[in-house]
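Down below is the structure, laid out as structure tokens.
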Amino acid sequence: MGSGLLEFIINTLKIALIFVGIVSTVPLLVWVERRGSAFMQNRLGPNRVGPLGLLQLAADAVKFIFKEEFIPQKAEKVLYFMAPGLALLPAALTFVAVPLSTPVTVMGHTINMQMADINVGIIYIFAVASLGVYGILAAGWSSGNKYSLLGALRASSQMISYELAMGLSIVGILMIFRTFSLNEMITAQTGHLSFIWQGSTTTVSWLPNWGIFFQPVAFVLFITSGFAETNRLPFDLPEGEAELVAGYHTEYGGFKFNMFFMGEYGHMITSSALITTLFFGGYAIPFMSPDEVLKFWMGHAQGMAGLISLSAADIASILTTLTHLVSFLLKTGFWLFVYIWVRWTLPRFRYDQLMDLGWKTLLPWALANLVITTVFMFFARVKM
Amino acid sequence: MIQQLAPVLVLIVVVVGFVVVSLSLTFLAGPKRKPTAQKQMPYECGIPGIDNQTTKFSVKFYLTAILFILFDIEVIFLYPWALIYTDFLNYGPFIFVEMMVFMAILTFGFIYVWKANALDWD
Amino acid sequence: MLGITPEDMLFHTFAGIATIGAILVVLVRNPIYSALFLALTMCVLGAIFFTLEAYFVSVAQITVYAGAVMVLFVMVLMLFDLKHEHEDIFRITPLNLSKILAVAVMCGFLVGTGWLAVSAVNGNPGAHVAPQTVAQDLEKKELPNELPAKQTHINPDEDFTNAEDAALIDEAKKEEVVLPDPNVVASTSDAEFGSTVSLSRRLFSKYVFAFEAVSLLLLVAIVGAVALAKSKGGTHHGG
């Protein structure tokens, strides 16, 4: 019971730490967005508060706390207060299954660098993401404002249409990796590109074994649906300023408004993490498997073992985990930057164009990708 | 099972705690001002709206949601099939044909929906 | 400690939340809150499936029921501006009496079905009731999830090892990829119990007819939904 309790405490601390990490990445992202958009629009972003304007977001957060709490007259009070939490909860829950790095082994304890190694990883993430619709609907309806309600209905219709395309686009990836678990997918993407054709294995040594080389169409579909799911431009009509003021969160101010944005950026972070895990090898370093990295660090850890009171194996394990964490953060950070980049580059879609894209373009392309992948793998495995 | 479920439950508790703490912080720290009639009105571009007009909402929302359910069920069937597809190929084209039949039937449905203009103008 | 395992506590918590949610569905006044409580019940049912090691069914429950069907309900309810119905259910009218009668019949039906199911499980030596064996598994410190998904050999219990199954096991050990007999009821101590791979192997070999019939059912639903919307004037241009 004692060791079980210790493990429970370690895991709870890890979960709290990762959650705090996400919550503090959100202000960082907003800062990148504001400075990055300013750079793209040839103007200065926030640059007064703190060095390079980095404390701007802390100031904003403090400002949010001190805003007045008001409830619109026609609002449904209970749901009005619960809606931001309902929007934040699925965004946080989707990040549970994302592997941040290799497990670290220190003093006999192995700690997984993800909140939970769920064996149905990717479909769990989609299931919880589909619950995000409730936060939007609750917010729109409980505001007592019929334009908020209309914005909420349009946002939720958009979200469910693109959830379909997203779910369909990864079936090809599932056929190749044959697992739902994100950890196993990363393990399958280590080393050099190799595939089976007509029963024999071919290896291309100058490309890493990443998912994007197996399923490029699925990658395009997934990233497009990801943009639409998170209500980011060019798909952010439900939040469009000219049409509906602020859509489903018009009547929200202060920290509740902040929580909606945390939910949106949380979805964005999970989307980027999924893109790197499914298509770009996740935390793995290209061409090197985690075991090779561990061996590399073992060679260097002998010298450091004398300085700190940890064994060489422990130090090597920590360094491997750190290396892979840096790799993961770089890749995910790049895709987050792409999200921000696209937002300030492309014009917004009209709503009917948006729904047409989801149902009449992405869905047929996803089906076609699936059929082609199926046929391809049939001929790859069955000798003709 | 419990190693996978427990972190999810702990995270739910953490997030709910975070929401409760931050909302109570705002409640305590914010200025308490009396609600005026102007502030309480629903925001409609700053112009006082004509109240109690139940706008007729389009039936498109209902149709989109129903079609989403049906195609989502198809996708749910595709997930376990994708896992075993390459294993079952050792036994011939049966696994390929059965899923193609399933998808063909649903593609007919999709084409019907498209031709019936049920996906337009949303 | 008291013989209460964490699995028992989890089950009772989830079952309690699900039951309270389901009761609140019929007790709250506002229909949208009803729908939201029903969505909560669906999610908690998904969690109960997870505790029973039926991982794929749990995810499918949350995706389809809580994430699609209940979203439809909530969306449609929000489109209507429903006034709260203040009807006293305890007034004696024929309608209220028939409502109470219908509920009583349903309760009797459910109790009878539950009784039948429990006695069927107790009479069948091959099936195990989940929480007990999970507790035993934990005592043995078995972690089925650590084994790779492509493990194909069977570990049947002593209860139903016979000559046929022994031959099957020998065959399984020789070949690399072999389909386990879909007629063998799995035990909870199997490596593959509840894994999506074992579920899909059975679904796409033994139950393929049901699977194809589902596609026809979905087609009927698609055509029906479009026809219904069209009859209300929903799909004409400019609508």
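Here, each number is a calculation from the coordinates, and none is a lab measurement. A quick note: this is a predicted structure, and the numbers were derived from the prediction, not measured. Methodologically, a virtual Cβ is constructed for each residue, glycine included, from the backbone with ideal geometry; neighbour enumeration extends over all protein chains shown.
Spread over its residues, the convex hull of the C-alpha atoms of segment C:1-86 is 72 Å³ per residue. Note on A:267, C:12: ascending count of other Cβ atoms within 10 Å places them as C:12, A:267, the fewest first. In terms of surrounding Cβ atoms within a 10 Å radius of their Cβ, C:19, C:196, C:41 rank from fewest to most as C:19, C:41, C:196.
Overall, the anisotropy analysis places segment A:246-384 in the oblate class: the square-rooted eigenvalues a ≥ b ≥ c of its C-alpha gyration tensor yield a/c not less than 1.5, with a/b not exceeding b/c.
Here is the P(r) of segment A:114-220: all C-alpha pair distances, binned every 10 Å from 0, give 13, 32, 26, 17, 9, 4, 0 in whole percents. Residue by residue along C:45-51, Cβ atoms of other protein chains within 10 Å of the local Cβ number 2 on average. Partner shielding of B:23-31 amounts to 6, given as the average count of beta-carbon atoms from other chains within 10 Å of each residue beta-carbon. Sparsely packed loop sites in segment A:33-107 (the GluC sites (Glu not before Pro) outside DSSP H, G, I, E and B with at most 16 other Cβ atoms within 10 Å) comprise A:68. Exceedance of the 20 Å cut-off in Cα-Cα distance is limited, within the set A:63/A:146; A:256/A:331; A:256/B:32, to A:63/A:146; A:256/A:331.
The percentage of C-alpha pairs in segment A:1-66 whose separation is greater than 18 Å is 54%. May I ask you to list the trypsin sites (Lys or Arg not before Pro) in segment A:282-359 that are in a DSSP loop and have at most 16 other Cβ atoms within 10 Å of their Cβ? Sparse-neighbourhood loop trypsin sites (Lys or Arg not before Pro): A:350.
Segment A:136-170 and segment C:194-208 have their alpha-carbon centroids 34 Å apart. Against chain A, whose longest principal axis is taken from its Cα atoms, helix A:133-142 shows a tilt of about 10°. The Rg/Rh ratio for segment A:73-381, using Cα coordinates for both the radius of gyration and the Kirkwood hydrodynamic radius, is 1.04.
Exposure proxy shown here: for A:373, A:105, the number of other Cβ atoms within 10 Å sets the order, fewest to most, as A:105, A:373. Comparing A:297, A:206, A:344 in a Gaussian network model of chain A, where Cα atoms under 10 Å apart are tied by springs, the biggest mean-square fluctuation is seen for A:206. Tell me, what is a quarter of the convex hull surface for the C-alpha atoms of segment A:42-89, in nm² with one decimal? Seen from a random direction, the Cα hull of segment A:42-89 projects 5.8 nm² on average. For segment A:339-384 and segment C:9-35, what is the separation of their C-alpha centers, rounded to whole Å? Result: 39 Å between the Cα centres.
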